[in-house]
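Okay, structure first, notes after.
The values are calculated or read from the model by the stated rules, or taken from the named source; none is laboratory data. Keep in mind that what you see is a predicted model, and the values were worked out from it rather than measured. Cβ placement follows ideal geometry from the backbone for every residue including glycine, while neighbour counts extend to all protein chains displayed.
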Amino acid sequence: MRSRTLPTATALAVLFSSAVLATAVPAVADTDRPIAVQDTDDTVVDGVHQRIYFSDRYQNRIVVTDYSGKAVRVLTDLPQVRDLELSTDSSTLYAAVQGADKIVAFDTATYARTAEYPTGTGTRPSRLAHSAGTIWFGYGDQWDSGLGAVDLAPATPETPATPETPATPEAPATPEAPAEPETPTTPETSTTPEALTTPEAPEAPDASAAADPVVRLDLAAGFDWSSPPMLYTDPDNPDTLVALDGGISSAPLVVYDISTGTPAVRVSAQKGGFYDDAALTPDGQSVVVAGPGNRALTEYRLSDLAQVRSYPVKDEPLTVSVAADGTVAATVRDTDDIGDTYVFSGGADQPASVRNLSSGWMPGWGHTLSWSPDGAKLFALSGSGDSTRFHAMDEPRKYPATMTVDAPANATRAKSLTVSGTLNSALKLPAGTPLTVTRTDLDSPNGKSLGSKSLGSGGKFTFTDTPPAGGKVTYTVKYAGDGTHTPVTAKDTVEVSRAKPTLKLNNNGKVYAYGADVKFTAHLGSTYKNRKVEIWADPFGSDKPNKLVKSGTVNSSGNLSVTLDLKRDAKVTAKFAGDARYQPRSVSSTVGARVKVSTTISGHYKTKSSWGQKYHYISKNKDPKFTTTMTAHPGRQHRLQMEFSYNGRWHDAGTQYFPLGSAGISKVTLQGPHEPGWRMRVRSSYYNSTSGDTVNSTTHGSWKYFIFTG
């Protein structure tokens, strides 16, 4: 089961091709995207159609994506679907449907369901492998588990009983001769050029498989499995079936000889059990096992199950995949979040290329890591449930490089500063490795090259620079990568000092009549290049926005002016954006604007100038009316105040607030009785805040004089 590896000849071609291209430095373009897979039991990669199949046991379906992880088809109605397996020519996908006691076949070109192979009520098939016209399956539950087979096209008894046929001169002329290579009667069959160039032979029986398949159970050859065995086959070694039991510490690792169609134990060993996953090497001669326990990723020779080598990982390995060129990749649980995906491109003796695809633990169930058949890409899943993510690594054999850049937080313009950093990788980079440095500042917003710097010993580097511009200065350091390392970029920012410019604005604190035209002048002192100033006016009141009223370059005297029609209090601000040597600055002036207010008296019978004022003469039997007109504003009131004259001085006779209408008019009648002979006066005022708003400055209307007569 798992991703199908390439035959040896093709694998060598891929390896040679990758060696030729090693001098190129392609850009890293790994894919990371969410994928609608809840509980992945198995992953299979179809290199012929550029498709990836994910069995989703939780949702009873198979999700089909392209190499970018984009879903292209969903195959449904597959209760508790488990293992997946591709035919050797990638034309058929087999799925173990545990919840329906059957194995289902799909056409990989059309996704049509082409056959179903019932395995028997209660068998619960969950593990698959495919070899030479036979689907091998692990079935059952716990100690009721076993090994079974579906013979897609059972051979006749006579076929394996004539070993002399290939040696007779007449054999090429007989009609039966073309069928002879299908019978793996000698160990050399799997290594001859003819065997590698006729992958269709084992698939030919598939066309008639649905008509008369034969299902066989209890083929474990004496082994009592504690869980359905994990099964592995390889087209380069078609007579071999590898079985592992992951359910118990004493579980065996078994190599079966399946050349006769009935499994016979070739060799078995107890290697610690609790196996999580395994993958055969491209030549079919070894198996790499994830488990048992923590930090064990071990390769065993199939001929005698002797340990060949161990691949060091820092945590419990969960799943393993071997590329066509023999590169071993594995995911680990990564409880410390230091790296979850290992690629041993240099074998077990060199450090692995380690990536951290997920900030959480990697999935602990199912085969979720697979190479593309050509060995160019590595696909993985991270997360689980609704948080499952798909990863496609385009350069999986390259070692990720990590870089830090450390510049001082603050520095003085035109003074030297030092920038340091590190460049590290699991496969160490030599001293002298070139790094390119770019400085980005206000004078060079698109960046200015500072040339190439060299990596020092221990992965450290340092360089000095004298920043000509102030403000935020960013130093970007890039490593271009090479045939074995990915490129990496890092940066840090320095706040470089700038001089404080002179900026002034007149009229602060002044109060003007309503509607006055007031000239505001901003004055800018010396700067480097920028001579532009903006003037903003922000009238009081939430209904009026802050507004740019003028923007431009100051004149030769450093001035920029604007005239405003003041009808409200306002905050006027002059802004200078700064330049490479002078910092930004703004200054404000707050000015007041009075309201328009007037009061008239009606009900008098004459006016006359007396006591230095114009008096309104009103009969004591008449109630005068005071009409106030004031600049309107929602909710505004005016304050009406009266005074009387006594012994040459004016004394308070009462005050009261009255609302203004929408047009800003208020009419108040003074009711009698009225005592004649008293000189009186009245006025209306607007008081900031107590008149109901704060948009204008306090304003008093002029006094109006009147006297009651008998």
Any hit, region 451-469, residues being touching a residue at least 24 places away in the same chain (Cβ under 8 Å), closer than 20 Å to K398 by Cβ and either out of contact with any strand residue (DSSP E or B) (no Cβ under 7 Å at 6 or more places or on another chain) or charged (D, E, K, R) (or both)
no
Residues in region 238-254 that are modelled with pLDDT of 90 or more and assigned to a loop (DSSP other than H, G, I, E, B) total 3
Only one of (1) on the phi < 0 side of the Ramachandran plot; (2) touching a residue at least 24 places away in the same chain (Cβ under 8 Å) fails for L305. Which number is that?
(1)
Residue check for N424: of a type in the set (S, T, N, Q) and either in contact with a strand residue (DSSP E or B) (Cβ under 6 Å, 6 or more places away or on another chain) or closer than 14 Å to K478 by Cα (or both):
yes
Which one is surrounded by the fewest Cβ atoms within 10 Å (Cβ to Cβ), of the residues in region 106-118 that are assigned to a loop (DSSP other than H, G, I, E, B) and either in contact (Cβ under 8 Å) with a residue 60 or more places away in the chain or under 33 Å from the mean Cα position of the chain (by Cα) (or both)?
A109
Can you tell me which residues in region 213-250 are among the small types (G, A, S) and touching a residue at least 24 places away in the same chain (Cβ under 8 Å)?
A220, A221, G222, S226, S227, A243, G246, G247, S249
Candidate set: region 460-487, residues that are part of a loop (DSSP other than H, G, I, E, B) and in contact with a Gly (Cβ under 9 Å, 6 or more places away or on another chain); chosen: the one farthest from L423 (Cα to Cα)
G470
Any chance V288 is assigned to a strand (DSSP E or B), in the same structural domain as M393 (by TED's automatic domain parsing) and within 24 Å of M362 (Cβ to Cβ)
yes
Filtered residues of region 569-597 (kept if outside any loop (DSSP other than H, G, I, E, B) and closer than 14 Å to G515 by Cβ)
A570, V591, G592, A593, V597
Which residues, counting only those in region 316-356, are within 25 Å of the chain's Cα centre (by Cα), under 12 Å from A426 (Cα atoms) and either surrounded by fewer than 24 Cβ atoms within 10 Å (Cβ to Cβ) or among the polar types (S, T, N, Q) (or both)?
G339, S353, V354, R355
Taking S382 as the residue in question, decide whether it is modelled with pLDDT under 95 and in contact with a strand residue (DSSP E or B) (Cβ under 7 Å, 6 or more places away or on another chain).
yes
Looking at S556, S551, can you tell me which residue is exposed (fewer than 13 other Cβ atoms within 10 Å of the Cβ) and either under 30 Å from P468 (Cβ atoms) or not charged (D, E, K, R) (or both)?
S556
Any residue that is at pLDDT below 95 and either in contact with a helix residue (DSSP H, G or I) (Cβ under 6 Å, 6 or more places away or on another chain) or assigned to a strand (DSSP E or B) (or both) - is there at least one of those in region 88-105?
yes
Residues satisfying the stated conditions in region 418-450, i.e. of a type in the set (S, T, Y), within 30 Å of G347 (Cα to Cα) and either assigned to a loop (DSSP other than H, G, I, E, B) or in contact with a His (Cβ under 6 Å, 6 or more places away or on another chain) (or both):
S425, T433
